[in-house]
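What follows is a set of notes on a single structure, which appears directly below.
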Amino acid sequence: MAPVERIVKADQAGRLNLGRKLAGRAYRVVERGTSFVLEHVETVHVPAEEAWLYRNVQALASVQRGLQQVAAGEFATGPDLDAARQLAATAFSDEEGPDDETDAG
């Protein structure tokens, strides 16, 4: 495809209107002597509350490792809920449970 060149004039605020086809895209402005070149750059929006992860190399590596483990079907062993239930039943068998009215204070 042959390059398309056109002349656009900046308004009084220094803005260029590139047209609807190019609206919303990001551009790098490269100054070369007395000339300027606009280069389209791909950008990705990352919510502010998630941006910390991409700044923390160790945390990002940990998340990526976890995603690889999940994809490979590798899961950590969960807690033994039956054993916990038995322990709780034993602990409260000789004393009042946490839901007794005596705990109401």
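Each value in this text was obtained by applying a stated rule to the coordinates, not by laboratory testing. What you see is a predicted model, and the numbers here were worked out from it, not measured in a lab. As a convention, Cβ positions derive from the backbone with ideal geometry for all residues, glycine included, and neighbour counts pool all protein chains shown.
Using the count of nearby Cβ atoms within 10 Å as a rough guide to exposure, how do Phe92, Phe36 rank from fewest to most?
Phe36, Phe92
Rounded to the nearest 500 deg cm²/dmol, what is the calculated helix-only ellipticity per residue at 222 nm for the chain, with -39500 (n - 2.57) per DSSP H run of length n ≥ 4?
-10000 deg cm²/dmol
Arranged from highest to lowest average of other beta-carbon atoms within 10 Å per residue, in what order do the peptides 15-24, 40-49 appear?
Output ranking for 15-24, 40-49: 15-24, 40-49.
Using per-residue counts of other Cβ atoms within 10 Å, averaged over each peptide, order 57-66, 75-84 from highest down.
Peptide ranking by packing, descending: 57-66, 75-84.
For Kirkwood radius over Cα pairs in Å, pick the label among [x] 21.8; [y] 15.9; [z] 15.5 that corresponds to the value derived from the coordinates.
Label [x] holds the value from this structure.
Please compute the modelled spin-label separation between Ala59 and Ala83, points set 7 Å along Cα→Cβ, answer in nm with one decimal.
Result for the modelled spin labels: 3.2 nm.
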